[in-house]
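One structure is given here, and the rest of the page talks about it.
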Amino acid sequence: MARLDRHGWMDNVGLVTGSGPLVLPRGDARIGSQGRRRRSGAAARLGSARPTEAARGGLLLCRFQRPEGRRRRSEVATTARSLSGGREGGSIGVSAVEWERVKSLTERSMFSALTALLYLVGISFRLEGYMGYLLPLPIILMGVRHGARSSWGTLGLIAVLMTVLFGPVRAMSFVCVHGLYSTVLATFWGKMSKKGQDVSSKGWLLIILVTAVSRVVGLIGSIFLISWLIGDNILALIFSGIENLFEQFFSVLGLPYLQFPLPTGLLAGTFIGLAIFTSCLYVALIYFMHASVVYKMGIKVPLPLYWKQRLERQRQAQLL
């Protein structure tokens, strides 16, 4: 860009080429009375470049564009527009099924890393009891977004990642305590969200019960795992504690003492009953807490009618 003097000469002429800017010194270009410009030797070396001139307010702008450069930029723009396809498979050579598969793999790896990070924070700061409420969320999100199969695949990937980071013992402990029931819950919700049907408000109690039973199975598995690692029978210690509980209960009520030791079947039944009861309470809390998150994503899951109406009012208030 240059300014004309009173003799019609330009101080400098800015040339924009494919290899970068080129500035011509004073006297190398001139605008005559008939609008003709004498090109310098440096400008002549540009070949078939076509100059464009725009004089505004005493300023002269000289810009040179190669035809092949314009064609190359046009091809790049066309390719960029083609590669910016939508979710329905608008990109070149990529179908909707392939796009969903790649997205599922990407989200699976991200959610697995997030779960490992939460577990690391829990065991590092002794917050595993509190982090236990958040650990099922990545698996549940994979289930409701990509189906039940993706939730099981995420659990396997989390197990492999935790085996590498924390060792096989902690990985198996996570799978038994947190992973199994989370995947079962994600399986129920994933099938419902995949079908896209309007679910009723009657199946939530059955889902909580089945998920609680799966959590009990995982807890028993973790007990056997710990017993094998430390070389002691943890289940026998639990049965001994249940016997002491019965003894204190009968002594407080003034009932006659039972014949000790108690039968193993009674102790096992009491243990399983207490485990199912506590697991139902725990899973119910997890269920309603994560159902609120999933419902705000637009995915409907079985909920009590009062809870569903409350979430619907909150969603409408946020939209307003």
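The values are calculated or read from the model by the stated rules, or taken from the named source; none is laboratory data. None of these values were measured; they are calculated from a predicted model. For neighbour counting, all protein chains shown are included, and Cβ atoms are generated from backbone atoms with ideal geometry for every residue, glycine included.
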* Asked: Right, Phe260: in contact (Cβ under 8 Å) with a residue 12 or more places away in the chain and over 28 Å from Leu137 (Cβ atoms) or not?
  -> yes
- Task: Consider Thr211 carefully, then state whether it is at negative phi and loosely packed, with under 12 Cβ neighbours inside 10 Å.
- Result: no
Checking Arg170, Arg108, Arg145, Arg126 in turn, the sole residue that is more than 28 Å from Lys300 (Cα to Cα) and either assigned to a helix (DSSP H, G or I) or at pLDDT 95 or above (or both) turns out to be Arg170
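Any idea which residue in region 287-311 is farthest from Met192 (Cα to Cα), counting only those that are surrounded by 13 or more Cβ atoms within 10 Å (Cβ to Cβ), of a type outside the set (A, V, I, L, M) and over 20 Å from the mean Cα position of the chain (by Cα)? Can you show your working first?
Within region 287-311, the first condition is being surrounded by 13 or more Cβ atoms within 10 Å (Cβ to Cβ), and the residues that meet it are 287-295, 299-304, 307-308, 310-311.
Narrowing the set further to residues that are of a type outside the set (A, V, I, L, M) leaves 287-288, 290, 292, 295, 300, 302, 304, 307-308, 310.
Narrowing the set further to residues that are over 20 Å from the mean Cα position of the chain (by Cα) leaves 288, 302, 304, 307-308, 310.
Values: Phe288: 16, Pro302: 9, Pro304: 16, Trp307: 18, Lys308: 16, Arg310: 21 Å.
Residue satisfying both the conditions and the ranking: Arg310.
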Exactly one of Ser124, Ser182, Ser150, Ser112 is of a type in the set (Ser, Thr, Tyr) and touching an Asp or Glu at 6+ places or on another chain (Cβ under 9 Å), and that residue is Ser150
Being in the same structural domain as Arg149 (by TED's automatic domain parsing) and at pLDDT below 95 narrows Ile272, Ile234 down to just Ile234
Pairing a residue in region 168-190 that is surrounded by fewer than 24 Cβ atoms within 10 Å (Cβ to Cβ) with any residue that is among the acidic types (Asp, Glu) and at pLDDT 95 or above, where Cβ atoms lie under 9 Å and the two sit 6 or more apart in sequence or on different chains, gives none
